[in-house]
Amino acid sequence: MQSWLPVPESASTLSGDVDALYFYIWGVTIFFTLLISVVVIFFVIRYRRRNPFEIPRPIEGSHKLETLWSVIPLLIAITFFVWGAKLYFAQYKPAQNAIEVYVVGKQWMWKFQHATGQREINELHVPVGRKVKLIMTTEDVIHDVFVPAFRIKADVVAGKYTTEWFEATKPGTYNFFCAEYCGMNHSGMRGYVVVMEPTEYENWLSGNAGQTSPAAAGRNLFESLGCISCHGANAEGGRGPALLGVYGSKVVLNNNSSVTADEGYIRESILNPQAKLVTGFGPIMPSFQGQISEEQLLDVVAYIKSLSTTKPEQATAKPAPSATPSTGAKPSATPK
Amino acid sequence: MEEFEIPKQPGSNYLNAEYGLKSWLLTKDHKRIALLYLGAISFFFFIGSLYAMAIRLELLTPQGDLMQSSTYNKTFTQHGIIMVFFFLIPSIPATLGNFLIPMMIGAKDLAFPRINLLSWYIYMIGGVITIYALLAGGVDTGWTFYVPYSTTFSNSYVIATGLGIFINGFSSILTGLNFIVTIHTMRAPGMTWFRMPLFVWAHYATSLIMILGTPVVAITILLVALERLAHIGIFDPAAGGDPVLFQHLFWFYSHPAVYIMVLPAMGVVSELIANFSRKNIFGYKFVAFSSLAIAVLGFLVWGHHLFVASQSVYAGMIFSFLSFTVAIPSAIKVFNWTATLYKGSISYDTPMLYGLGFIGLFTIGGLTGMFLASLATDVHLSDTYFVVAHFHYIMVGGTLLAYLGGLHYWWPKISGRMYPEGWGRFSALIVFVGFNLTFSPQFLLGYMGMPRRYHTYPAELVSWQVLHVLSTAGASILGVGLMIPLVYLAWSLRYGRIAEANPWHLPGLEWQTASPPPTENFLTTPIVTHEAYEFAPPEHKEVVGKFERQQPAET
Ligand code: HEM
Ligand SMILES: [Cu+2]
Ligand SMILES: [Cu+2]
């Protein structure tokens, strides 16, 4: 299962690139370690003390050499930087047309929910050759989704959504781990990503069909939590703004600035509505903080996303390729 | 006066000037305080090592068989807290630094002897509180105390431990303050800034970090305690806070803190390399200023600990770039040490073996930092055993080796006795081999995906277990290698050969007085007329066969 090199299986579109950079840095590391060691050992033998009274001639130093051995390492370091940064950009760029999976971590398990409704615990089924985007949060402490075979890792942080994506290149079963210490059973908070051929994946989906999709569940919550009283039975608007087409659009706020409505914005609008007020509306929406679980919140977000006819990636000019597309919930004091 | 003439033995030295427990506990002598610290940090190092052995034993097998997860979590947490806050941070500055800085600059004591003693008491109070917390039930947050685990979810003694570290922090601040003032105001006549040994420069840079950085971690710990007790909401998103803010604050101190741990070690190594090859250091000013550059730049790179912690991509890029620049001053030092050896007269005494070992291991430690500063590789390596290996190469391979090298080097001065050289070399070799076997497998483990702070790992990954077994085997060798000096240094206190004032025949001021030195260090204030590491004035030809150098001017 493993190659002869001490590297994990390479099973995503980017894992080979990360390995290449890794080996490049090893090349430089080994070169310099050997260089220093060989030179030191040579000097130590060549200039060993032969006579207890000898005093060697002092040597002051050399600006030329100092420049040389500052500039060369710096130039090499810059190659590490540029290559690493370029790849990092690719790793975190929001994936286009990806299968979206909602992920909620909690001590000490992982819950996955597919857009089509399938729910899984500590196991994630995905098709080979398709981008998969994980939209992630936590119910408690910080956790982290780390899939060595895909060379990806991202923390899940309370109060915001973080994302990571991968495109698996080989069917198989791959370990994933929680990589942020989270308490007692941290090392047990692991599972498998099962990468399947597309047909197999379709079979798996239909074999597990029949569970309510997040959007449908969100629709029910939209009614039961009373959102309809302001936003209308079909989110067509009322005392609150219409939510049709909001996701992915640019929302103008009452201070005339505007934000792109991504998952993080919707999350904030529900938990802390006063943080960003839509222009033309007063601060009347109550906060739903504490009345809605992370999973329910993701369902409502999925429902509001489903109200958008346009795909977000096309609607917005160019979303910032941020590890946290959300601004997180970072409000000033919430007026009661 | 001939250079290497042994000064007249004064009637008494700092060890026998006064007797009794009280004379130690109320001493204002920086040398005695250094020994108080030496005793205390050795104790903490011993406790920390016991935890380390427990960790290594547990990881021999993929299952948890030695202890439960909750115990394991406390074990690595307490290992980290004790080693970082109670051993590594005070190790070289509070013992060797305390002992030697006044002697190296020709002063009678530190600027504030009472504050120096106070700093030891503060350290002890912090230590006792921390030990209390460990005995009462321990703490399981990791030495990094990440919220909201530490504020809301952990059921362990977070506040008590935090209090211990908080208090301990003030001892660092006071030590740093004392060093800075001492170095500014207490230099002997003729001891200009650029005549100071590089050990002193390194401590100056370290002290800057201590006084600028430590208050931040103190405040951060305070905020964790307030959040835990009163739920002020600063880190809790539900109350408008941000858990990632904690990480910024924590690493704003703790990245510079890694340099608190390594800069003094670099200072020791500069002494070892220059003195044991009887050469002035190559590029003295570059080595001196690189310490300051590290101290300053070190404050700008904390974000490299947050590359996968939901920091923005652009912030990540800036921190990545700055991290690479801070690596350059370290590289400069390594090259200068190597160049110092060129055409030297290199002895193979134990301290030098440690110094040479440091160069190799620190090089590996620093270069593996490149994998972590480079964004894309860090995404994969963050929070894995690669990080564990990286910082142990620097903190054990670097700081601990330099500390041991320094301890052997100055042992005759400190104790007035020689340690047994054969045993010294032998154990240095064992330590080097054991260390490499312990930590080099962890680089591979990390890239293969083994996360850190894991009590168990998948049994089907046989290669992981193989690497863990190697690592534990190495740790056992390392453990033996560290026990040997403990035994023979203690033995030498009574049975070691009596040391001369200047057993290594060196020009440094600390050697121009008796071993052990008198309480006031020097019977007459030295007047400094030559550069550091001046074995022979520049105009002298290479001289073999006898000491050529004369004391330049009359003193
Ligand atoms: C020179 C002395 C150094 C010391 C004492 C040191 C120490 C440490 C320590 C203690 C950690 C782990 C902290 C933790 O998560 O518990 C760490 C991580 C790290 N070090 Fe170093 N380090 C040094 C040099 C470097 C250099 C030169 C670089 C790169 C320029 C570097 C880059 C990093 C990075 C990026 C991490 C974070 C890794 C991660 O958690 O993903 N370090 N270092
Ligand atoms: Cu975890
Ligand atoms: Cu750092």
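The values are calculated or read from the model by the stated rules, or taken from the named source; none is laboratory data. Quick caveat, the model's predicted, so the values are computed rather than measured. Cβ coordinates were reconstructed from backbone atoms using ideal geometry, including for glycine residues, and neighbour counts include every protein chain displayed. The area values use the complete protein model at the heavy-atom level, side chains included, leaving out ligands, DNA and RNA. Shrake-Rupley method; radii C 1.70, N 1.55, O 1.52, S 1.80 Å.
Checking the Cα-Cα distances for A:K250/A:K305; A:K111/B:K74; B:K31/B:K279; A:K111/A:K250; A:K106/A:K153 against a 19 Å cut-off, the pairs over it are A:K111/B:K74; B:K31/B:K279; A:K111/A:K250.
With a sphere of radius 11 Å drawn around the Cβ of B:F246, what net charge do the other residues whose Cβ falls strictly inside it have (Lys, Arg +1; Asp, Glu -1)? Once positives and negatives cancel, what remains is -3. Candidates A:G129, A:W204, A:A154 compared by Cα position along the dipole of the stretch A:99-207: farthest toward the positive end lies A:A154, with charges placed on Cβ.
Taking amide H as placed 1.01 Å from N in the peptide plane, the amide H of A:F176 sits under 5 Å from that of A:G191, A:Y192, A:V193, each at least 5 places away or on another chain. For the protein assembly as shown, a simple Cβ point-charge model (Lys and Arg +1, Asp and Glu -1, everything else neutral) yields a dipole of about 1380 debye relative to the Cα centre.
Working note: Karplus 6.51/-1.76/1.60 with θ = phi - 60° gives the stretch B:209-222 the couplings 5, 4, 7, 8, x, 4, x, 5, 6, 4, 5, 4, 5, 4 Hz, where Gly and Pro are set to x.
List the residues of the stretch B:341-376 whose backbone N lies under 16 Å from a point placed 7 Å from the Cα of B:H505 along the Cα-to-Cβ direction. Flagged as within label range: B:344-349.
Determine how large the accessible area of B:K22 is when every protein chain is in place; take a 1.4 Å probe and give Å² rounded to the nearest 10. Rounded to the nearest 10, the figure is 150 Å². Around the Cα centre of chain B, unit charges on the Cβ atoms of Lys, Arg, Asp and Glu (plus for the first two, minus for the last two) sum to a dipole of about 560 debye. Once both labels are positioned 7 Å from their Cα atoms along Cα-to-Cβ, the gap between B:I115 and A:A115 label points is 6.3 nm. The 3J(HN,Hα) values that the Karplus relation (6.51, -1.76, 1.60; θ = phi - 60°) gives for the stretch B:277-289 are, in residue order, 10, 6, 10, 5, 5, 5, x, 3, 5, 5, 5, 5, 6 Hz. Gly and Pro appear as x. Placing unit charges on the Cβ atoms of the charged side chains and taking the dipole of chain B about its Cα centre, the candidate lying farthest along the positive direction among B:G496, B:I332, B:H30 is B:G496.
May I ask for the equivalent-ellipsoid semi-axes of the stretch A:214-317, computed as the square root of five times each C-alpha gyration tensor eigenvalue and listed largest first in whole Å?
Numbers: eigenvalues 71, 55, 33 Å².
So the equivalent ellipsoid measures 19, 17, 13 Å along its semi-axes.
Taking the Cβ of B:Y342 as the center, what net charge do the other residues with Cβ under 10 Å away carry, scoring Lys and Arg +1 and Asp and Glu -1? It works out to a net charge of +3. Distant-in-sequence amide contacts of A:S249, defined by a placed amide H-H separation under 5 Å and a gap of 5 or more residues or a different chain, comprise A:A261.
Taking a probe of 1.4 Å and counting only protein heavy atoms, give the total accessible area buried between chains B and A in Å², rounded to the nearest 100. Separately minus together, B and A give about 8800 Å² buried. Taking amide H as placed 1.01 Å from N in the peptide plane, the amide H of B:R417 sits under 5 Å from that of B:A499, each at least 5 places away or on another chain.
Around A:T138, what is the net charge, scoring Lys/Arg as +1 and Asp/Glu as -1 over all other residues with Cβ under 10 Å from its Cβ?
Values: positive: A:K106, A:K160; negative: A:E139, A:D140, A:D144, A:D155, A:E180, A:E294.
Result for the local shell: -4.
Run the paramagnetic zone check for A:E200: 7 angstrom along Cα to Cβ, then residues of the stretch A:166-182 with backbone nitrogen under 16 Å. Counting only backbone N, you get A:168-175.
Normalising the Debye intensity of the stretch B:108-178 to I(0), with uniform scatterers on Cα atoms only, and taking log10 at q = 0.23 Å⁻¹ returns -0.90. Sorting B:312-322, A:246-256 by their mean Cβ neighbour count within 10 Å, with the most densely packed peptide first, gives B:312-322, A:246-256. Just how far, in whole angstrom, is the stretch A:234-296 from the stretch A:69-87 if you go by their alpha carbon centroids? Cα centroid to Cα centroid, the span is 43 Å.
Note: relative contact order over the stretch A:99-207, using C-alpha pairs below 8 Å and six or more positions apart, is 29 percent.
Report the calculated FRET efficiency for A:S306 and B:L292 (r = Cβ-Cβ distance, R0 = 45 Å), to the nearest 0.05. Please report the intermediate quantities before stating the final value.
On the way: r = 58 Å, r/R0 = 1.30.
Rounded to the nearest 0.05, the efficiency is 0.15.
In whole angstrom, how far apart do the alpha carbon centroids of the stretch A:1-64 and the stretch A:174-193 sit? Here the two parts' Cα centres lie 34 Å apart.
What does the structure give for B:137-146 when I average, per residue, the other chain Cβ atoms found within 10 Å of the residue Cβ? Could the numbers behind the result be given before it?
Working: counts 0, 0, 0, 3, 2, 5, 0, 1, 0, 6.
For peptide B:137-146, the averaged partner shielding equals 2.
Convex hull volume of the C-alpha atoms in the stretch A:57-214, normalised per residue: 180 Å³. Relative to the longest principal axis of chain A, what angle (0 to 90°, nearest 10) does the C-alpha long axis of helix A:15-46 take? Helix A:15-46 sits at roughly 20 degrees to that axis. Using the Karplus relation 6.51 cos²θ - 1.76 cosθ + 1.60 with θ = phi - 60°, the per-residue 3J(HN,Hα) values for the stretch B:509-519 come to 4, 5, 8, 8, 8, 5, 10, x, x, x, 3 Hz, with x marking Gly and Pro.
For the stretch B:425-469, the residues whose amide N sits under 20 Å from a probe point set 7 Å from the Cα of B:Q63 along the beta carbon direction are B:454-469. Along the axis of the charge dipole computed for the protein assembly as shown (Cβ charges of +1 for Lys and Arg, -1 for Asp and Glu, origin at the Cα centre), the listed residues A:N272, A:I76, A:V7 are led at the positive end by A:I76. To the nearest Å, what is the center-to-center distance of the stretch B:187-201 and the stretch B:204-270, using C-alpha atoms only? About 31 Å separates the Cα centre of the stretch B:187-201 from the one of the stretch B:204-270.
Averaged over peptide A:158-166, the number of partner chain Cβ atoms lying within 10 Å of each residue's Cβ comes to 4.
With an 8 Å cut-off on Cα pairs and a minimum separation of 6 or more residues, tell me the relative contact order of chain B in percent.
Working: 919 pairs, mean separation 106.0, N = 555.
Relative contact order comes out at 19 percent.
Between the helical axis of A:214-224 and the dominant principal axis of chain A, each derived from Cα atoms, what acute angle in degrees is found, rounded to the nearest 10? The angle comes out at about 50 degrees. With both labels modelled 7 Å from their Cα along Cα-to-Cβ, the A:L253 to B:W24 distance reads 6.3 nm.
Simple spin-label estimate for B:L212 and A:A233 gives 6.6 nm between the two label positions (7 Å along the Cα-to-Cβ direction from each Cα).
A:N97 to A:F23: extension gain in nm, 0.36 nm per residue of separation minus the Cα-Cα distance? Intermediate values should be presented prior to the final figure.
Values: separation 74, 0.36 × 74 = 26.64 nm, distance 3.16 nm.
Length difference between fully extended and current span is 23.5 nm.
Where both residues lie in the protein assembly as shown, what percent of DSSP beta bridges are antiparallel, nearest 5?
Numbers: 36 of 49 bridges.
Bridges in the protein assembly as shown that DSSP calls antiparallel: roughly 75 percent.
Against chain B, whose longest principal axis comes from its Cα atoms, helix B:243-276 is set at around 30 degrees.
Would you please give the FRET efficiency between A:R48 and B:V466, computed as 1/(1 + (r/R0)^6) with r the Cβ-Cβ distance and R0 = 56 Å, to the nearest 0.05?
Working: r = 39 Å, r/R0 = 0.69.
That pair, A:R48 with B:V466, gives E of 0.90.
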